Amino acid sequence: MTTVILACSIMRTELEEVLRGASGFEVRYLEQALHRMPRLMTGRVQAEIDAASSYAGRIVLGYGLCSNGVAGVVAGPQGIIIPRCHDCIALFLGSRAAYVELFNKNPGTYYLTPGWIEEKKDPLGIVQDEYTKRVGYETAVWAMGEELKHYTHIAMISSGLTDIEAYRQRAKENAEFFGKQYIEIKGNLNYFRRMVSSDASDEGVRSGDFVFVSSNLPITQEMFF
């Protein structure tokens, strides 16, 4: 029975680690930052589910609610398993509880991972690689400053799977440029491990850490609250 995992490419390093040596899995990666275009994301995720439904025994989404980007996606005949979290940060931190604890401690935190920086989706990367091309550098910096004005910290999540130093320096550069406090947080692969195990469809659903969407039913926002 093949388990098909549909996941954001930002998770590639972590998923490859937890699936090392495992068999019976296929991972289909989608482009990073689809959550910034939720209407597009819904269609892209649905297309991958439709393509996998003809042969998959299980389908697992490597996404949270992600700006409602998965809301409206309809499960295939085998249903869909999805982490019950609002975005991928909880996955990198190891649990929903870890995310809630950190949020309560520092609610104004903008999180980065090596994957985000590698894809140039850190604030400076977005300014340099996207916004400047459209509106010019000065306006790009102003726009990103507006997006970040309610944040007080920039946090680097380190899973220990890659040499962190270059990513650390880039995260610190972001913090200094936008006038935020830099912090570093140790990541945890436990949520990823549970996502690819049977726990995602059994105990994980009972505990509320995962949602199982039955055959031909849509994912709804209410499932995540």
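List of remarks:
- By the Cα gyration tensor, the range 96-186 has an equivalent ellipsoid whose semi-axes, rounded to whole angstrom, run 23, 16, 10 from largest to smallest.
- The range 43-103: translational diffusion in µm²/s, Stokes-Einstein, Kirkwood Rh over Cα pairs, 20 °C, 1.002 mPa s: 172
- A cut-off under 10 angstrom between Cβ atoms defines the neighbours of residue 30, and their net charge, with Lys, Arg +1 and Asp, Glu -1, is 0.
- GNM on the chain, alpha-carbon springs under 10 angstrom: the most fluctuating residue among 174, 104, 190 is 104.
- Restricting the GluC sites (Glu not before Pro) of the range 1-106 to loop positions (DSSP other than H, G, I, E, B) with no more than 16 neighbouring Cβ atoms within 10 Å leaves 31.
- Degrees, to the nearest 10: 165-177 long Cα axis against longest axis of the chain: 60
- Each Lys or Arg adds one and each Asp or Glu takes one away; over the other residues whose Cβ falls under 9 Å from the Cβ of residue 192, this sums to 0.
- Calculated FRET efficiency, residue 31 to residue 104, Cβ-Cβ distance, R0 = 35 Å: about 0.65 to the nearest 0.05.
- Other residues whose C-beta falls under 15 angstrom from the C-beta of residue 224 contribute a net charge of -1, scoring Lys and Arg +1 and Asp and Glu -1.
- Working from label points 7 Å from Cα in the Cα-to-Cβ sense, the residue 67 to residue 207 distance is 3.0 nm.
- Distant-in-sequence amide H partners of residue 154 (H built 1.01 Å from N, under 5 Å): 110, 181, 182, 183
- Point-to-point label distance, residue 169-residue 53, nm (Cα→Cβ direction, 7 Å offset): 4.9
- For the range 8-43 versus the range 58-121, the inter-centroid distance based on Cα atoms is 11 Å.
- For the chain, the longest principal axis of the Cα atoms and the long axis of helix 137-147 meet at an angle of about 60 degrees.
- Adding -39500 (n - 2.57) for every DSSP H run of four residues or longer, then dividing by how many residues the chain holds, sets the calculated 222 nm ellipticity at -10000 deg cm²/dmol.
- Of 65, 34, 91, the one that fluctuates the most in a GNM where the chain has Cα springs shorter than 10 Å: 34
- At R0 = 30 Å, FRET efficiency that the Cβ-Cβ distance of residue 12 and residue 220 yields, to 0.05: 0.60
- Axis angle, to the nearest 10 degrees, between helix 96-105 and the longest C-alpha principal axis of the chain: 20 degrees.
- Close lysine pairs were tallied over the chain: pairs 8 or more places apart or on different chains with Cα atoms under 15 Å apart number 6.
Every number in this text was worked out from the coordinates using simple rules, so none of it is lab data. Predicted model only: the values in this text are computed from it and were never measured. Neighbour counts are summed over all protein chains in view; Cβ atoms, including those assigned to glycine, are modelled from backbone coordinates with ideal geometry.
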